[in-house]
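The structure appears below as structure tokens.
The values are calculated or read from the model by the stated rules, or taken from the named source; none is laboratory data. Small disclaimer: the values here were computed from a predicted structure and weren't measured. So basically every Cβ, Gly included, is an ideal-geometry build from the backbone, and we count neighbours across all protein chains shown. To get the accessible areas, we keep the full protein, side chains included, count just its heavy atoms, and leave off ligands, DNA and RNA. Shrake-Rupley method; radii C 1.70, N 1.55, O 1.52, S 1.80 Å.
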Amino acid sequence: MSGSIGRPVSRVDGPAKVTGAARYAAEFAPVDVLHVALVGSTVPKGRIAALDTRAAQKAAGVRAVITHLNAPRLPYRPFDERPEVDPSVGEPLRVFQGPEVRFSGQPIAAVVADTLAQARHAAALVGVTYAAQAATTTFEGGRRRAPKAGGGETRRGAAVQALGNAAVTVDAVYVHPREHHNAMEPHATVALWEGERLTLWDKTQWVNNDAVEIAHVFGLPDDHVRVICPYVGGAFGSGLRTWPHVTIAALAARLVGRPVRVELTRRELYTSVGFRPHTEQRVALGARRDGRLTALIHEATAQTSAYEEHTEETLSPARVTYACPNVLTRYRLVEMDVNTPTHMRAPGVATGLFALECAMDELAVALDMDPLELRLANYAERNEEDDLPWSSKELRACYRMGAERFGWSRRAPAPRSMRAGAWLVGYGMATALYPAYRSEASASATVFADGTASVRSAASDMGPGTYTAMTQVAADVLELPLDRVRFELGDTALPKAPVHGGSITMASVGTAVQAACEAVRAKLGAANGRSYAEALREHGVDRMEATAHVEPGDESKRFSSWAFGALFAEVRVDVDLGIVRVPRIVGAYDVGRVVNPTTARSQCLGGMVGGLGMALLEQADWDPRFGRVMNANFAEYLVPVNADIGELQVLFAPGDDRRFNPLGAKGLAEIGLCGVAPAIANAVYHATGRRLRTLPITLEAVLV
Amino acid sequence: MELPRPRRDIELTLRVNGAERPLTLDARTTLLDALRDHLHLTGTKKGCELGQCGACTVLRDGRRIKACLTLAAMQAGAEIVTIEGLAADGALHPVQAAFVEHDGLQCGYCTPGQIMSAVALLREGRTGSDDEIREFMSGNLCRCGAYTNIVAAIRQAADRAA
Ligand code: FES
Ligand code: FES
């Protein structure tokens, strides 16, 4: 009903998820579906010299063993314009098109069999001989270069000179490890051909682009591929691109003439769907004695693959977070023989904020100033880089609300000065921000004579609550109770939606849903207390549908739109054992209008959990001899468990950003992860007096 | 070297959610794959197949186990309850209802495992404090980070059951 927006509504897909009725990609089982197991390369670079598939082919239940020797040459029709989720420089990995090996774990063969057990057994029987080549498997050993896509350097004022003249300076290097998305649902694809038409049930954050990519691979018209994905079991960026296993599923199904399912194992996910790149950063800050920044230099060097150039917005926080006349940012890449990194929740921004916000903490120490005071002293009243006013910014309110709830004023300034029994106590804080984007999007709305409505868009819901929020927006405009509105998503048969990433869904699809619902009301002339049933009767129809396509206007030329936040963390450190616990985190956020406080809070809670993982637990252990992740499983790649999580509090500053879009929402998936890791790292410094600049902050790092 | 050929199919009857389910399976089939691929009970999730994530948690004779770590052949005769067997006559089990009410989920993929684990937790009497709940729910990973709300949901279910 009107007023649905802003209410703490329970997830509309909650019952389906708690009963097991919600179906994820691997769970669609067309009749006669076969199973696929993959063989991955064991060298990081070289050529396949010989393949022996005889034993595999003879194994029970095996229908096909596909390698570059017997796979058809696929068209890989070139794009006029690369999809925005793919790197603009380089070529995506092609599947079974040649003997080249570009990274360890690259799929080099696929076995199709009646059952998963049979397919996996046979895959283990495939014999491979490699002509290995010297590989670049260390960050230090890789060629360092500017991004070919451009944007390697930005300057405002004269930062180097200003740094030399600054009264107070800090200058340090921060290291962020390779991290993996590790969504709970493994990526999976089910492929079914009917003549020249292909249906894919695929785990993806963008069904529309998934279909287009696969159509290009197979040289089909775009509309011959349908992608269906009603539920995504988390993705955090791993589902943005269309990875090789999707092509393998379609190829295998075509070759055996039966539907197939490819389900990646947890280990395979570490080489199949990208990762957050290892990034080393230097931040140098210069300030006046009163804390005002005079110079800011932020340099980041991140790994990419040898075949594609993945770049991130690591340095955008340096350019916009604080007021500073002299700013220099420099971005460099290191090519390695690894699979291509990709975006992972708050890509780049979370990495860059870790370095920037730790450096700000170091500056506060050097100035003998409260870290929060230092942020306020450098509050950016406008986006100085783009020279634009903010469309909205309630960061001051965030600082105040967060500090108050947290009890920041109780912080004793000196490190190692707060204790709780045997534990050292530390308080740390950090600023968070994330750009708010909006894309074009479409939606349709249909009202029926029984007073229900159906609203559709090919959007996605990987957990933030798209189903729920869109239902609220539609119910609000249509003035219907929530349970009379049904929102459908995740199918290319529905009106086109943009990528479900970068926190753009609410601002983009939400405004399309709003417009479609307004359009159907206008078409019906529904208003003035007339029911839809009456209006439809007058039109002599039993239903009425309207479709809307909305695009952003010129607002991004007039305003700079970002979500903001202030994070406060308490840590307890056992100096004898090196244990770091996080009993409390408080986050206060400005995300514009909050459509659903319940799911919005959950998003931010989840971001805090992810940020705690980033701070204390997560890293891919790298074996440079084989160019391989050693801890490619949940027992050794640590992610936060329930017992790691203390009290988390989420506050929202009142906001409604109609300058940014007609819904007033700025988006809030990514912002939740931002600022958490530096707040914790800064709290560890406050507790121990030790500045740890390499993530994660492990027991051994605290002890040394 | 000639590798031993895998054993042929075996016949067995699983008892799942109160129903007898005769099956002919490859002997290597895990209980998890038997549930998902053969009985089409896809509510039990596959997250790692290594016993490390808890997504596949089901009840065997009232105790929580990981369905990926046991072969279906080893479970003939046992009473298996999956997420699909929890709601009675269409009404949500109190733990399911509490998860919806407290938003103890986001993507929902870990959720069936969390709920099965929580149901067992209540029976185990491990809900004395929030810390105890956290500790004994730590075999169920949630990458979306819904832990705070999961604890709140279990707390409510425990209080109501008391
Ligand atoms: S799938 Fe069984 S514990 Fe992960
Ligand atoms: S709800 Fe997504 S993993 Fe738990």
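Would you say B:GLY104 is more than 7 Å from chain A (Cβ to nearest Cβ), in a loop (DSSP other than H, G, I, E, B) and either crowded, with 24+ Cβ neighbours inside 10 Å or within 16 Å of ligand 1 (Cβ to nearest atom) (or both)?
So B:GLY104 passes the test.
Table: residues versus (1) at pLDDT 95 or above; (2) part of a helix (DSSP H, G or I); (3) more than 14 Å from chain B (Cβ to nearest Cβ).
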{"site": "A:THR471", "(1), (2), (3)": "yes, yes, yes"}
{"site": "A:ALA474", "(1), (2), (3)": "yes, yes, yes"}
{"site": "A:LEU494", "(1), (2), (3)": "yes, no, yes"}
{"site": "A:ALA497", "(1), (2), (3)": "yes, no, yes"}
{"site": "A:HIS500", "(1), (2), (3)": "no, no, no"}
{"site": "A:SER508", "(1), (2), (3)": "no, yes, yes"}
{"site": "A:ARG521", "(1), (2), (3)": "no, yes, yes"}
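What number of residues in region A:317-331 are more than 25 Å from the chain's Cα centre (by Cα) and in a loop (DSSP other than H, G, I, E, B)?
Within region A:317-331, residues that are more than 25 Å from the chain's Cα centre (by Cα) and in a loop (DSSP other than H, G, I, E, B) number 4.
Okay, residues lined up against (1) more than 19 Å from A:LEU612 (Cα to Cα); (2) free of Cβ contacts under 8 Å to residues at least 24 places away in the same chain; (3) not assigned by TED's automatic domain parsing to the domain that holds A:TRP390:
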{"residue": "A:ALA546", "(1), (2), (3)": "yes, no, yes"}
{"residue": "A:ALA569", "(1), (2), (3)": "no, no, no"}
{"residue": "A:GLY587", "(1), (2), (3)": "no, no, no"}
{"residue": "A:VAL591", "(1), (2), (3)": "yes, no, no"}
{"residue": "A:VAL595", "(1), (2), (3)": "yes, no, no"}
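Test each condition in (1) more than 16 Å from ligand 2 (Cβ to nearest atom); (2) without any contact (Cβ under 8 Å) to a residue 60 or more places away in the chain; (3) within 27 Å of A:TRP206 (Cα to Cα) for A:SER442 and report the one that comes out false.
(2)
Anything in region B:34-50 that is open to solvent by less than 20 Å² (accessible area, probe 1.4 Å) and within 11 Å of ligand 1 (Cβ to nearest atom)? List them, or say none.
Once the filter is applied, which keeps residues that are open to solvent by less than 20 Å² (accessible area, probe 1.4 Å) and within 11 Å of ligand 1 (Cβ to nearest atom), region B:34-50 yields B:ARG36, B:THR44, B:LYS45, B:LYS46, B:GLY47, B:CYS48.
Just name the residue that is nearest to the other protein chains (Cβ to nearest Cβ) out of those in region A:594-622 that are under 26 Å from A:GLY428 (Cβ atoms) and among the charged types (D, E, K, R).
Out of the qualifying residues, it is A:ARG601.
Could we say that B:ALA158 is more than 9 Å from every other protein chain (Cβ to nearest Cβ), within 16 Å of ligand 2 (Cβ to nearest atom) and either in a loop (DSSP other than H, G, I, E, B) or crowded, with 19+ Cβ neighbours inside 10 Å (or both) here?
Considered against the rule, which asks whether it is more than 9 Å from every other protein chain (Cβ to nearest Cβ), within 16 Å of ligand 2 (Cβ to nearest atom) and either in a loop (DSSP other than H, G, I, E, B) or crowded, with 19+ Cβ neighbours inside 10 Å (or both), B:ALA158 comes out as no.
Per-residue answers, yes or no, for (1) in contact with a His (Cβ under 7 Å, 6 or more places away or on another chain); (2) within 16 Å of ligand 2 (Cβ to nearest atom); (3) closer than 19 Å to A:PRO15 by Cβ:
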position: B:ALA91; (1), (2), (3): no, no, yes
position: B:PRO94; (1), (2), (3): no, no, yes
position: B:ALA97; (1), (2), (3): no, no, yes
position: B:VAL100; (1), (2), (3): no, yes, yes
position: B:CYS107; (1), (2), (3): no, yes, yes
position: B:THR111; (1), (2), (3): no, yes, yes
position: B:GLN114; (1), (2), (3): no, yes, yes
position: B:LEU121; (1), (2), (3): no, no, no
position: B:SER129; (1), (2), (3): no, no, no
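Looking at this structure, is A:THR304 polar (S, T, N, Q) and within 14 Å of chain B (Cβ to nearest Cβ)?
no
Out of A:ALA135, A:ALA149, I need the residue that is of a type outside the set (Lys, Arg) and out of contact with any strand residue (DSSP E or B) (no Cβ under 9 Å at 6 or more places or on another chain). Which one?
After applying the criteria, what remains is A:ALA149.
Based on this model, can you work out whether B:ARG63 counts as more than 9 Å from chain A (Cβ to nearest Cβ) and within 16 Å of ligand 1 (Cβ to nearest atom)?
yes
Could you check region B:107-137 and list, in sequence order, the residues that are without any contact (Cβ under 8 Å) to a residue 12 or more places away in the chain and surrounded by fewer than 22 Cβ atoms within 10 Å (Cβ to Cβ)?
Across region B:107-137, the qualifying residues are B:GLY125, B:ARG126, B:GLY128, B:SER129, B:ASP131, B:GLU132, B:GLU135.
Tell me, please, whether a residue that is within 26 Å of A:GLY463 (Cα to Cα), surrounded by 24 or more Cβ atoms within 10 Å (Cβ to Cβ), touching a residue at least 60 places away in the same chain (Cβ under 8 Å) and of a type in the set (A, V, I, L, M, F, W, C) can be found in region B:67-80.
Checked against the condition, which is being within 26 Å of A:GLY463 (Cα to Cα), surrounded by 24 or more Cβ atoms within 10 Å (Cβ to Cβ), touching a residue at least 60 places away in the same chain (Cβ under 8 Å) and of a type in the set (A, V, I, L, M, F, W, C), region B:67-80 yields no hits at all.
For A:ASN631, all conditions in the list (1) within 14 Å of chain B (Cβ to nearest Cβ); (2) in contact (Cβ under 8 Å) with a residue 60 or more places away in the chain hold save one; what is the number of the exception?
It fails just one condition, (2).
Which condition number in (1) farther than 27 Å from A:SER316 by Cα; (2) surrounded by 14 or more Cβ atoms within 10 Å (Cβ to Cβ); (3) away from chain B (no Cβ under 14 Å) is the one that A:TYR589 fails?
The single condition A:TYR589 does not satisfy is (1).
Looking at region A:126-192, what strands (runs of 3 or more DSSP E) fall wholly within it and have at least 3 residues that are away from ligand 1 (no atom under 16 Å from the Cβ), under 34 Å from the mean Cα position of the chain (by Cα) and surrounded by 13 or more Cβ atoms within 10 Å (Cβ to Cβ)?
Ranges flagged: A:153-156, A:168-176.
Can you name every residue in region A:211-224 that is open to solvent by 20 Å² or more (accessible area, probe 1.4 Å) and not in a helix (DSSP H, G or I)?
A:GLY219, A:PRO221
Pick out the one residue from B:GLY77, B:GLY43, B:GLY51 that is more than 16 Å from ligand 2 (Cβ to nearest atom), more than 23 Å from A:ALA632 (Cα to Cα) and not in a strand (DSSP E or B).
Among B:GLY77, B:GLY43, B:GLY51, only B:GLY77 is more than 16 Å from ligand 2 (Cβ to nearest atom), more than 23 Å from A:ALA632 (Cα to Cα) and not in a strand (DSSP E or B).
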